[in-house]
Amino acid sequence: MTALVIRGGHLIDPAAGVDAQKDILLQDGHVAEIAGPGKLKGANGAEALDATGLVVAPGLIDMHVHLREPGQTHKETIATGTAAAAVGGFTAVAAMPNTTPVNDSAETTRWMQAPERGGVVRVFPIAAATRGSKGEAINDYAALKAAGAAAVSDDGHPILKEGVMREALAAAARVGLSIIQHAEDTRMTQTNGTSASMNLGTVSFKLGLRGMAAEAESAIVERDIRLVMELREQRPHLHVAHVSTAATLNAVRQARRNGLRVTCEVAPHHFLLTEEHVGCYDTNAKMNPPLRAAADRDAMIEGILDGVVDAIATDHAPHAIHEKEVEFDRAPNGILGLETALGLSLHWLHAEWKMPLGRVLSLLSAQPAAVLGLKGRGTLAVGSFADVVVFDPKTEWVYRAAESKSKSRNSPFDGWTMQGKVWWTISEGRIAYRAQN
Amino acid sequence: MNSTIVRRKHATPPVPASPFPYNPGSLLSVMDLSLEGVSRLLARATELDQMDPLVRNRILAKRKVALLFYESSTRTRTSFELAAKALGADTALISSLSSSIEKGETLKDTGLTLRSLGAEAIILRHNASGAAWLLERETRLPVLNAGDGMHEHPTQGLLDLRTILAHLRPGIATVDAETLKGVTVAIVGDILHSRVARSNLLLLPRLGAQVVLCGPKELLPDLAAEAGPGVTVERDFETALGQSQVAMMLRIQAERLAGMQIDLGGYTASYQLTSARLAKFAPKAVVLHPGPIIRGLELTAEVADGPQSAILEQVKNGVAIRMAVVERALTAAEQGGRA
């Protein structure tokens, strides 16, 4: 395999404690050598990338995406979804199992990782926690893990039954997997098969839309934390997906103080937007969990800055244009996220809210790698996978959903100013994305 | 230590201004109208109402108006149709049960089809909140919202206003921010599911009225009090009635309850407008109801047929208001501005 040298860049590798001018040699898909500028020993003959003035960092890891394959390829495929990931600086994505069929088997888990899928960055399937994600019978976690599943989840649906959740946490702990919970008490958010379509509050009242109470999220998280507490001898790992409410974040914070293994992620739309962004029934502002009240959004910002949030994850959820061009309460939930996460995080978390660059990058790489237990990723220490993003942290640009590499266009961030232009995304030593100029 | 979280003030992304309405002839929400616009519509409704029918029917002669109805309707549909025809327009009625909507055609495609058929404005009744906004964005035609789900019913708000003014402010020609100062309007019953309530609670306070929402918690959440200025919540019907000059009674919308159980016996005991309640607490109040009325539930037959009832006047006013609104829809663009 060919070698690649990145020269002249500023290496920021929070996990390794590096924040300095370094050259880096990638060989055979791994980091072979790191040295001061011009000091690499084994770089002879390698293709060189000039990263002068640019940041070189571990490739970003999105631990929550929907790649829609198998079965929903009109929305996205593994090829198009990973192409969008590479544009956004991501070198690994964890793909949720709500495909058609649901990924609840070792076969599908392997199929998603096969080279024939055309993924340009690494795909880590998250397998279903229960058969068909129906929340009844738990799957064979040992077999799923052996097939490459990075975690288990019924994302899109909660594991509602307490007995099933308890069993799932214990079974996952036995094989060293985390349970990722989509925390939504659907007994509060759905009535007779009619699902609420936005946050419950004054805005939903004014718009005449059925609302999802914030408590529908925190109630499940509080229950799950109680189960983790009861099972603590077995060291279960609960990861709370797409946290959107202040109460949920407080519950996670408390659980951590109690020494429990409870982690969580927040999506950019939940730390940037509020229910007001639904505006006049903008279906690109419809997702589950919904955009919440300003106080909840502010709590997400606080939680990221104070460290209780472990990861920024996009919940990238492509839907075809025609599926979103419908009445608000009939539109599917979800928005794109892969191409905008870094640009939004640098613009808002780093530039606007003064979070150090290394911490922002850690939330997008080292920390999700740790949550998922991905060995050799989220860092560029010698011997790690050669997953690298090279970007200019200063350049501003405007996101155009119409130009997305995703098959879909459903982004509320269309036309928004982003910060940080990705020049190269390198996945296991291969250039997965290269900026045009 | 942990309980004292320091509140940092973070600059956050602004909420963009609404691009609606795209078409100056549209009436999606009562908030699309300035008070001057409301005045113009009220004045024009009176003019059109009093005009020689043979003169009136030349105003929109042979113009094409589509009525697109996804929900059943008696008053709104008929009065819009009569209003458009009274101005000479051709109307086409498309209802969800006898059209390609049954075959799965989307609102967008139905709207584009009507536009291609020559419709110059679409009057839309739809069971999804926000449907009128979707239709307007996709067709860019003047869209008249004839009721969208649980959201708004702006022409109902206007005809209710016309009725209220006729009783409480007879003879006034224009309205302003003080026209209804000192007037309290009680809106009673199933507020949660009511588009009539939302249009009224947005419109009436802009003219100085107080709106008192009244009903049980299941049908009137506490947060309704935050729906706008001049709006309060009062759970006790008799207290609400006692302070009101107008009592607007609403039907329980069984079709939108989505599994909610309402104890009808308890409801009528607490919230039914009876002759006795009316005589005791609001002997002079005007009784309104957007219809359809359910006699014996939200109000008794005696009240519906009684001297304080203006329910049939509302229906009549609906035709006048809708003539003015349909005319505006087809002429606003020519006049180069929004009303």
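The values are calculated or read from the model by the stated rules, or taken from the named source; none is laboratory data. Note that this is a predicted model, so its numbers are computed, not measured. Because the Cβ atoms are built from the backbone with ideal geometry, glycine has one as well, and the counts that use them run over all protein chains shown.
Yes/no per residue for (1) over 18 Å from B:VAL196 (Cα atoms); (2) in the same structural domain as B:GLY189 (by TED's automatic domain parsing):
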position	(1), (2)
B:GLN253	no, yes
B:ALA258	yes, yes
B:GLN261	yes, yes
B:ALA282	yes, yes
B:PRO290	no, yes
B:ILE293	no, yes
B:LEU299	no, yes
B:ASP305	yes, yes
B:ARG322	no, no
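Can you tell me which residues in segment B:134-146 are touching a His at 6+ places or on another chain (Cβ under 9 Å) and of a type outside the set (A, V, I, L, M)?
The one that is touching a His at 6+ places or on another chain (Cβ under 9 Å) and of a type outside the set (A, V, I, L, M): B:ASN145.
Residue-wise test of (1) closer than 18 Å to B:ASN317 by Cβ; (2) in contact with a strand residue (DSSP E or B) (Cβ under 6 Å, 6 or more places away or on another chain).
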position: B:HIS151; (1), (2): no, no
position: B:LEU159; (1), (2): yes, no
position: B:ARG169; (1), (2): yes, no
position: B:VAL175; (1), (2): yes, no
position: B:GLU178; (1), (2): no, no
position: B:THR184; (1), (2): no, yes
position: B:VAL188; (1), (2): no, yes
position: B:HIS193; (1), (2): no, no
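Within segment B:193-204, can one find any residue that is under 19 Å from the mean Cα position of the chain (by Cα), more than 23 Å from B:LYS284 (Cα to Cα) and among the charged types (D, E, K, R)?
Yes, segment B:193-204 contains at least one residue that is under 19 Å from the mean Cα position of the chain (by Cα), more than 23 Å from B:LYS284 (Cα to Cα) and among the charged types (D, E, K, R).
How do the strands (runs of 3 or more DSSP E) wholly within segment B:48-136 filter down when requiring 3 or more residues that are within 14 Å of another protein chain (Cβ to nearest Cβ) and buried (at least 16 other Cβ atoms within 10 Å of the Cβ): which remain?
So the answer is B:121-126.
Quick one: in segment A:199-251, which of the residues that are in contact (Cβ under 8 Å) with a residue 40 or more places away in the chain, more than 14 Å from chain B (Cβ to nearest Cβ) and among the polar types (S, T, N, Q) is surrounded by the fewest Cβ atoms within 10 Å (Cβ to Cβ)?
Checking each candidate, the answer is A:GLN234.
Going by the conditions given, is B:LEU203 at pLDDT 95 or above, closer than 17 Å to B:ILE164 by Cβ and surrounded by 15 or more Cβ atoms within 10 Å (Cβ to Cβ)?
Answer is yes for this residue.
Considering only residues that are within 17 Å of A:CYS280 (Cα to Cα) and in contact with a Leu (Cβ under 8 Å, 6 or more places away or on another chain), which ones fall in segment A:312-332?
Once the filter is applied, which keeps residues that are within 17 Å of A:CYS280 (Cα to Cα) and in contact with a Leu (Cβ under 8 Å, 6 or more places away or on another chain), segment A:312-332 yields A:GLU325, A:VAL326, A:GLU327, A:PHE328, A:ASP329.
Of all residues in segment A:286-315, which are more than 10 Å from chain B (Cβ to nearest Cβ), of a type in the set (A, V, I, L, M) and within 19 Å of the chain's Cα centre (by Cα)?
A:MET287, A:LEU291, A:MET300, A:ILE304, A:VAL308, A:VAL309, A:ALA311, A:ILE312, A:ALA313
Looking only at segment A:254-274, which residues are more than 18 Å from A:ALA313 (Cα to Cα) and at the interface with chain B (Cβ under 10 Å from one of its Cβ atoms)? Lay out the reasoning, then the answer.
If we filter segment A:254-274 for residues that are more than 18 Å from A:ALA313 (Cα to Cα), which is where we start, we get A:254-261.
Listed by number, the residues that qualify are A:GLN254, A:ARG257.
Is it fair to say A:GLU323 is facing chain B (nearest Cβ under 8 Å), out of contact with any helix residue (DSSP H, G or I) (no Cβ under 6 Å at 6 or more places or on another chain) and not basic (Lys, Arg)? Walk me through it before giving the result.
Working: facing chain B (nearest Cβ under 8 Å): no; out of contact with any helix residue (DSSP H, G or I) (no Cβ under 6 Å at 6 or more places or on another chain): yes; not basic (Lys, Arg): yes.
No.
When the residues of segment B:215-245 are filtered to those that are surrounded by fewer than 16 Cβ atoms within 10 Å (Cβ to Cβ) and β-branched (Val, Ile, Thr), which remaining residue is nearest to the other protein chains (Cβ to nearest Cβ)?
B:THR232
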